[in-house]
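Only one structure is covered here, and it is reproduced in the block below.
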Amino acid sequence: MQYHQPTSLAQALALLSDGGARPLLGGTDLIVGLRRGTVEPGAVVDLKRVADLPAPLEVGPAGVRVGAGATLAHLISHGGFASRFPAIADGAALIGSVQIRNRATMVGNVCNASPVADTAPGLLVHGASVRIRSGAGERDVPLDDFYAGPRVTACAPTELVTSLWVPVPPAGSGSAFVRLTRRRAVDLATVSAAALVTAGGEVTVALGAVAARTLVVTVPWPVDLHDPVAVSEAVREVLGRATPISDVRATREYRLAMTEVLVRRAIVWAAGRASEGA
């Protein structure tokens, strides 16, 4: 296995052009795969010295661009990001340990495409998209289209995701992320859910660990969040998309039961944040 440290995107893309190399920034997933032997690339392309990668965080009136080098810890601690996108910050804060969050990147977590990734539900309800760079140019892909299956994305081995774009939600919105694990920290989600609630009662929910990929569901009618019956109908609408399996973490039946609980919690919490202006 070869190791490269390019200093420009053009060099990095040239090194990836044969499809046999893997990019490295945080490396918290890649290094584990290399040690276990589940990942065996012909080369590793270390991007940490690439000078023309997008800035870690660019905050504008229409949204935020998250560069490939932005760590989870940086985003969690950035008030302008966490206050605008609380569901994303909620999920990022639960990943691994402090040491992991200081190394792992948001873009890397997205590109790993794990169905249990904690940043994916929040990003999906906030309508995030990815910017993919290749030798032929750039393209933007909605995150919902980027995920093709478990650990499979729309990014070819010869391409790089250079940034994420997250648009600012409508005024008066609130969002939240919740998950269930077998232990409090350093564990993968058994079930997770994020919700975005607007001032007009529009509800969008994303589900993790209950399908082959993270799912996003928009309730097709405004929800009266003060009406328990209306909230229950919205929860049932979302549950109809869940297709969990039984594995070492939980049975299918348990996941379905807990999905109902977490979706309701996420909606109520997001609605509370919307009313508080969070």
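Observations on the structure shown:
- Averaging Cα coordinates gives a centre for segment 1-56 and one for segment 224-274; these two points are 38 Å apart.
- Gain upon complete extension [V98, V141; 0.36 nm per residue less C-alpha separation]: 12.4 nm
- Ligands, DNA and RNA aside, D224 has an accessible area near 80 Å² when probed at 1.4 Å.
- Extension gain from L239 to S83, taking 0.36 nm per residue of separation minus the Cα-Cα distance: 53.3 nm
- Put a dot 7 Å past the Cα of A199, heading toward its Cβ, do the same for V261, and the two dots end up 3.5 nm apart.
- Legend: calculated FRET efficiency, V32 to A156, from the Cβ-Cβ distance at R0 = 30 Å, rounded to 0.05, equals 0.85.
- Simple Cβ-charge dipole of segment 170-278, Lys/Arg +1 and Asp/Glu -1, about Cα centre, in debye nearest 20: 580
- A simple charge model with +1 on the Cβ of Lys and Arg, -1 on the Cβ of Asp and Glu and nothing else charged puts the dipole of segment 223-268 at about 260 debye relative to its Cα centre.
- Counting only DSSP H runs of at least 4 residues, each contributing -39500 (n - 2.57), and dividing by the residue count of the chain, the helix-based mean residue ellipticity at 222 nm comes to -9000 deg cm²/dmol.
- For the chain, the residue among H126, L256, A62 whose Cα projects farthest onto the positive side of the dipole built from Cβ charges is L256.
The values are calculated or read from the model by the stated rules, or taken from the named source; none is laboratory data. Here the structure is a predicted model, which means the values were calculated and not measured. Here the Cβ is made from the backbone with ideal geometry for all residues, glycine too, and neighbour counts use every protein chain on show. For accessibility, only protein heavy atoms count, side chains too; no ligands or nucleic acids. Shrake-Rupley method; radii C 1.70, N 1.55, O 1.52, S 1.80 Å.
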